[in-house]
Amino acid sequence: MKPQKTKPQSIFRSFGFYILVLLAAIFLIFGFFQSSSTGEKKPISDVIDLIKDKKVKQITVDEDVLNVELKTGEKIQSIKETGQSFVEILKNSDIKPQEVKLSIKDNATSKAIYGLISLLLPVIILVGIFYFFFRQARGQGDNLLSFGRSRAKTYTKDKTVVKFADVAGVDEAKQELEEVVQFLKTPEKFRALGAKIPKGVLLVGPSGVGKTLLARAVAGEAGVPFVSIAGSEFMEMLVGVGASRVRDLFDNAKKSAPAIIFIDEIDSIGRQRGLGIGGGHDEREQTLNQILVEMDGFEANVNVIVMAATNRPDMLDPALIRPGRFDRRVSIDLPDITGRRAIINIHSKGKPISTEVDLDKIARRTVGFSGADLANMLNEAAILAARENKKEIDDKSLEEAATKVQLGPQRKRMTSDEEKRMTAYHEAGHAVVTKILPHTDPVHRISIISRGATGGHTLIPPAFDRYIETKTRLLETISSLLGGRAAEEIEFDDFTIGAASDIERATSLARNMVTKFGMSPLGPMTMGTQGENPWIAREVGEGRALSEELAAKVDEEVKKIMDKQFELAKKILRENKEKLDLISAELIKRETLEGDEFEDLMSKGEALHQVKETMSEKKPEES
């Protein structure tokens with residue numbers, strides 16, 4: 001094994017530490033010797049008497065201190081007045097200086113060293129303390145001259161091993177980016193026909209869909225260096241640092257051309273200038289201005305393409321996304337069922353999946369999952385299987401992992417029988433209303449086991465990837481959301497706080513139907529309020545986005561929708577009270593019901609209802 005090399009920075013730190021310790025020790029030693037005293041202290045008159053009695057062997061004069069050694073070997077000390085010569089004192093006492101053996105101690109050198117140390121040591125200590133805290137704040141590897149340097153990480157073609165085959169569920173985006181790859185590989189083919197490849201490619205999509213992975217795949221396919229940096233890394237507490245780092249980033253990329261610059265979360269520095277109170281952040285705007293200049297200043301023969309990712313394209317400055325800068329926009333949406341199936345195939349490699357697992361069913365069950373969610377789900381399934389000492393990942397582990405990703409982990413908490421019964425009726429209310437309504441999706445699972453912030457859950461995933469919603473479906477969805485609250489009122493004639501999130505979602509959906517979708521008597525018009533739409537009422541003083549009269553009408557229409565759908569949910573549950581009781585009883589007993597078990601119980605409830613109707617019809621005849 002090769003010996004580990006010590007970083008020069010660590011050596012410097014140790015050396016500086018020991019220098020400080022050494023200087024402090026020297027300072028203390030000199031101070032000790034300067035103030036050291038030996039022997040008994042006596043007044044100078046006693047010393048004169050001892051000299052007259054011929055008892056003194058030697059006197060050492062150390063400035064104002066007299067160190068007297070007697071012939072008996074005893075040592076005493078005395079202090080003379082400052083500025084007065086000891087020889088003059090002897091003469092004034094009628095003592096000849098020749099009769100006393102005197103020695104004068106020279107402290108000039110030690111005094112100079114002590115003075116220099118006492119002057120420099122506090123300064124050195126203060127500088128050392130400042131340097132230590134400065135290094136802690138700046139992080140490892142920084143120094144006083146590195147403020148303006150880019151913090152981007154460069155991945156060479158040897159390190160960039162991601163290919164398009166490693167990215168699934170974004171086929172349309174990959175087709176758009178194929179042209180970028182071909183330009184980086186063979187730019188002459190495009191220039192020969194007078195074609196200009198976009199200087200910037202903006203990847204737009206929600207979190208977790210693979211924007212960064214797709215950018216790395218472009219670099220991997222083209223075999224060029226990939227320079228990656230986050231938008232927040234440009235910002236610093238010092239003015240002008242962001243712009244300096246932008247210049248350094250583009251200079252380094254041009255030296256490695258052809259290359260790809262990837263700026264993640266560009267909305268952190270690319271927000272529209274002038275937004276907010278006071279006109280915005282000067283340092284951020286200065287950084288954005290430098291990016292605009294660098295992108296527009298590319299020469300035709302510089303093969304550097306800038307890619308950026310954001311999930312807030314509406315916040316970007318128009319100058320940033322105009323043609324000539326980010327002139328190609330690639331939208332990346334959540335994967336459809338085919339994309340989810342391909343993503344599951346990629347992330348299931350190396351994992352022992354049971355042969356009984358239907359991955360197509362998993363793909364259908366995970367509507368709305370991003371690529372990151374699917375990767376996390378498969379990883380959680382592997383962890384759960386290992387925890388239970390399984391040799392393979394089975395359906396149970398995958399289902400639990402999907403629910404955990406969607407709602408959070410199970411919470412084992414003690415609940416009373418009354419709370420359990422209330423939760424069961426609440427979740428059964430959701431399920432029964434959803435089942436009866438004709439345009440809703442089938443119930444996948446019902447449970448009264450706590451997960452995250454919920455006391456129970458009723459999973460109703462979309463049966464397929466749906467891109468268009470109708471007014472009928474939206475209204476039935478509101479009734480389904482209010483089914484839990486309706487069941488509480490019917491069974492207990494009381495309410496719980498468990499319906500808070502349901503009411504919030506239903507109200508938001510109803511308000512969107514009125515203000516955004518034009519699905520109300522107010523007509524097809526957008527009525528976003530201030531703060532809901534970033535393009536409305538941006539600046540202070542622009543006025544309200546809604547008049548008081550129109551806002552009142554919006555609230556009235558929202559309330560009408562909520563009241564009507566709530567009454568529909570109660571009507572359904574009253575007409576199907578036997579099914580509601582049956583589902584609730586089974587939930588109390590088993591805690592969790594899968595979709596097929598719920599369908600069987602609903603069929604049994606229908607049979608029980610028919611039997612009761614038959615018996616009620618026979619009773620009058622028997623009487």
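Since every read-out is calculated from the coordinates, none of them should be taken as a lab result. Note that the structure is a prediction, hence the values are computed from the model and not measured. So basically every Cβ, Gly included, is an ideal-geometry build from the backbone, and we count neighbours across all protein chains shown.
Neighbour counts of other Cβ atoms within 10 Å put Tyr425, Tyr467, Tyr131 in the fewest-to-most order Tyr467, Tyr131, Tyr425. What pairs in Lys471/Lys571; Lys255/Lys349; Lys420/Lys553; Lys174/Lys516; Lys404/Lys553; Lys396/Lys420 have C-alpha atoms more than 30 Å from each other? Distance filter (> 30 Å) returns Lys255/Lys349; Lys420/Lys553; Lys174/Lys516; Lys404/Lys553. For Arg329, the residues 5 or more places off, or on other chains, whose built amide H falls under 5 Å of its own are Leu202.
Karplus-based coupling profile of segment 253-270, in residue order and whole Hz: 5, 5, 5, 9, 4, x, 8, 10, 9, 10, 10, 8, 6, 5, 5, 5, 10, x, with θ = phi - 60° in 6.51 cos²θ - 1.76 cosθ + 1.60 and x standing for Gly or Pro.
Compared with the alpha-carbon gap, the fully stretched path from Ile468 to Ala195 is longer by 94.5 nm at 0.36 nm per residue. Amide H to amide H distances under 5 Å link His444 with Leu459, Ile460, where only residues 5 or more positions off or on other chains count and H is placed in the peptide plane. For segment 337-407, relative contact order (Cα pairs under 8 Å, six or more residues apart, normalised by length) works out to 38 percent. The equivalent ellipsoid of segment 337-407 has semi-axes of 18, 13, 10 Å, largest first, where each one is the square root of 5 times an eigenvalue of the Cα gyration tensor.
3J(HN,Hα) couplings calculated from phi for segment 466-477 with the Karplus curve 6.51 cos²θ - 1.76 cosθ + 1.60 (θ = phi - 60°) are, in sequence order, 10, 10, 10, 10, 9, 4, 4, 5, 5, 5, 5, 5 Hz; Gly and Pro show x.
Put simply, when 255-268, 322-335, 387-400 are sorted by average Cβ atoms within 10 angstrom per residue, most first, you get 255-268, 322-335, 387-400.
In this structure the amide hydrogen of Ala230, modeled in the peptide plane, comes within under 5 Å of the amide hydrogens of Asp264, none closer than 5 places in sequence on its chain.
With the simple spin-label model, which puts each label point 7 Å out from Cα in the Cβ direction, the Lys75 to Gln410 separation comes to 8.3 nm. Let's test the formula: R0 of 56 Å, r as the Cβ-Cβ distance of Leu550 and Asp296. What FRET efficiency results, to the nearest 0.05? E(calc), rounded to 0.05, equals 0.85. Residue-wise HN-Hα couplings along segment 366-376, as the Karplus relation 6.51 cos²θ - 1.76 cosθ + 1.60 with θ = phi - 60° gives them from phi, are 9, 4, x, 7, 8, x, 5, 5, 5, 5, 5 Hz; Gly and Pro carry x.
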